[in-house]
Structures are given as C-alpha cells and as structure tokens.
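Since every read-out is calculated from the coordinates, none of them should be taken as a lab result. If you're wondering where the values come from, they're calculated on a predicted model, not measured in any experiment. Neighbour counts run over all protein chains shown; Cβ positions are idealised from the backbone, glycine included.
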Amino acid sequence: MNIRSIILASTAVFALSSAANAATELYLINCGADNEPQAPVQQTHIDEWVKANPDYTVRVEFLPWEQCQEKTLTLAAAGTPPAAAYMGSRVLKQLSAADQILPITLTEDELKTYEPSVISTVQFDGQVWGLPRAFSTKALYWNKDLFKEAGLDMPNGPTTFDEMLTAAKAIKEKTKAAGFGMPAADMDNTFHEFLNFLYSNGGQVVDADGKVAFDSKNNVETLKFYQELAKYSQEGPVAYDRGKIEPLFKEGQVAMYTSGAWGRGKAEGVNFGVALIPAGPSGKHSTLLITDSLVVFKGTKVEEATQNLIKFLTAPERQSAFDEAGGWTPIRAGAGADALVAKDPNWKPFIDAVPTGGPEPLMQDYIAMQDAAIEGIQALISDEETPEEAAKSINDGLSALN
C-alpha cells in the first residue's frame, strides 16, 4: 500500500470512529497571512478532511509572525492551547520541555517519505515533535558581470572556501563593489548565515549526544574563514541584516551573498548565477535547513483528531501542492522537485544541498542561544576576538544554556 493510500485509509477509519460524536471544533493558529498564495491551497485540503470527518469543523486563525508565536505560547502556558499551530520549529524543544505538545506518531513508511536531514529539524529525544510544513535552504548568489570585471575564471561560481576568498578579494580590489554581503546585525539571520558555512565545513553546534561542540577544529577553521571573508565584505557588517543586503546585490554593490530560492525574484536585472554554498577544507557543500512545522498541543481533548488532520495536510501530494503555491524548497524529493529544476535550473542548488544540510540547533531558550552566537560572531568580524577565542566564548555561552 502506498503512502497516499495509507493516509486516505486512516482518514476514512477515523471518520467512521468519530461518526457518533457531535461536531467539535479544531482551532488552528497559523503564523502568516491569509492572503499568502498557499493559504487557499491549505483551505481546500482542510475542506477535504472535514468532508471526510463531518463531526469536526476546523477554524484557522492567521496571525502576523511577530504576534503568532507569542500568543500560542501564552495560550499553552495558560492551559488553553489551540489544537494545533503552524510555527517555527525552533520552539519545539521549549514546548516539549514544558510538556505542552505531543510527539507525532509516524509509521515507518510515512517516515521514509522525508529526507533524514529534513526530519532532523523536528526530531529530538528519539521523537518527532512536529511535521515540517514550510522549508527553506540557502545557496550562494554571485554576480557574473562583477566576476568578469575582476578577471575571475569561475564559470560556475566559487566552489570552495579558498575560491570564495580569492573571488571576494579580487572583486574588492579590482571593482567598486564589495566581494560579499555579510549580515551581522542583532538578528537571527546573522547566526543562520554563519551556520551555512559551518555545516559546509563539517561542523556542529550540538553533537549526537546533545552536548555543545562549538569549539571543535572544524568550527575554528570556519571562524578563520569567516573573519577573513569579513575583510572583503561591505563596510560595517553589524549594521546589516539579510534584508538590507538584497538591494546591495541588486544594485551591484556586493558581488556575492546567500539567500533562499526567493532571492531569484529579487535580483531582476542582475546577470547572476546560483551555486551551492562553497565547501570548506573539512567538509562538503551544505546548507542550513529551516522548517516551520505543524504541532499538536496537549490538553485539548481533540489530540487524536488533530494529529490525523495535520498528517492529512502534510501527506506527500498535498504538501507538494502547498510547497509549490508558497514557492518554497520542496519538503520531499521527487517529481515536484524535478519539475522545478526543469522549469528553472537555478532551483538545483537549493534542492541538491538538502541531504547534507544541517538543522537549526534545538535548545529550550533559542533566543538566548542565538544571542550568545551572534555576540561571538560580531566580536570575531570586528577583530575583537581570534577564531579560537570566539569558538570558546560561543561554546561557553551555549553550554550554559544547554
């Protein structure tokens, strides 16, 4: 029996088992806006589930991201949680530690539909704590005209740390542009940016035993590279988040920067290429994998129905349609991913990096985790700390939280 048949069969069985009950509402909080292109796709799938389970209704409340997670966490802490929520996977460990969410039960066949690296973004303590709903990877955007102006012969863009430094230095010295756009403001994408390169050099933040391992040889190597790269980046990186770098790339003021697949639409008029994140001397091409996920809350008395609903929504065919509408990296490999690459080859680096990608580190206090890492990264690129010192200070800061 294929996965689609399993999902449909389980839904039918659930519908029969609940037929004797009065209609019950499932309340779902959705971070984001109801006018986003994937919203009507999701609603169509919800309507299909309700039709198969007529004793339930589903109410979806869309909230801006800056309000959504705070409201969800507040409701959960007060003992009046939603049945489910669509939110950043980074909060799963916090919710699990507070005993506010349920692990998701997946069959072996259902689990096999996910790339292990993707499911790792929602997996810890031997359990899956949410189902990936939206997914992004990163790749390196490079300006072909600036590379040519600097006399660089890299037809596919830089492929290693050394080549990236060579390119950034040449562009800084031979053109009016900076070699690289480096985000280093007090924002989460400062840490995210560094993780792209850390994973591409075989580094880890937390090892397989859950112990902080930031002071490793691989990570010190990456910090050395990053400190050198900062020399050829735009002036004052600590004033920039990724959003401020996007127009610099479009205007030809920086020759390289990293972004998700959405960056293709923000570089109109630029003769650009997209490449895998360059590989470090101790690693291979990788990327940071970021997911938002659907989670099921405890204490609602509708946990079984809610889990059935979110498994229905994230089943392969429906999730693929949701991915396509949202313009995201496909959560699962297969025909949908192949079709994207056939239509636009620039999708290829975003998809090819998935198997070797690494997750956002999962800690209970993810904000404090990011702050500790960002402080060390800023000290590094400002030459206030050596790579060894930055590795130790970040390691100490994260260890105190773990």
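Annotations for the structure displayed:
- Summed over qualifying helices (DSSP H, 4 residues or more, each -39500 (n - 2.57)) and divided by its residue number, the chain shows a 222 nm mean residue ellipticity of -13000 deg cm²/dmol.
- Taking Cα atoms only, the orientation of helix 39-52 departs from the longest principal axis of the chain by about 20 degrees.
- For R133, nonlocal amide neighbours, meaning residues 5 or more places apart or on other chains whose placed amide H falls under 5 Å from its own, are D292, S293, L294.
- Ranked packing of 349-360, 385-396, most packed first, by mean Cβ within 10 Å: 349-360, 385-396
- With the biggest extent put first, the Cα atoms of segment 58-214 measure 62, 34, 30 Å across the principal axes.
- DSSP-defined beta bridges in the chain - what % are antiparallel, rounded to 5: 60 percent
- Between the helical axis of 387-399 and the longest alpha-carbon principal axis of the chain there is an angle of about 20 degrees.
- Normalised radius of gyration (Cα atoms, divided by 2.2 N^0.38 Å) for segment 213-282: 1.28.
- q = 0.06, 0.12 Å⁻¹, the chain: log10 I(q)/I(0) [Debye, one scatterer per Cα]: -0.25, -0.96
- Segment 198-247 and segment 334-374 have Cα centres separated by 16 Å.
- Here the scattering of segment 64-117 is modelled by Debye summation over its C-alpha atoms, one equal scatterer each and no solvent; at q = 0.26, 0.31 Å⁻¹ the log10 of I(q)/I(0) is -1.08, -1.31.
- Loop-resident sites, segment 191-297, for GluC sites (Glu not before Pro), counting at most 13 other Cβ within 10 Å (DSSP): E235, E251, E268
- Put simply, the C-alpha atoms of segment 243-402 give a gyration tensor, and the ellipsoid matching it has half-axes of 31, 27, 14 Å, longest first.
- Normalised by residue count, segment 181-329 yields a Cα convex hull volume of 170 Å³ per residue.
- For V128, the residues whose amide H sits under 5 Å from its own are I104, ignoring neighbours fewer than 5 places away on the same chain, with H placed 1.01 Å from N.
- Karplus 3J(HN,Hα) series, Hz, for segment 70-86 with 6.51 cos²θ - 1.76 cosθ + 1.60 (x for Gly, Pro): 5, 5, 4, 5, 5, 4, 5, 5, 7, x, 10, x, x, 5, 8, 8, 9
- Rounded tilt (10° steps) of 366-381 against the dominant C-alpha axis of the chain: 10 degrees
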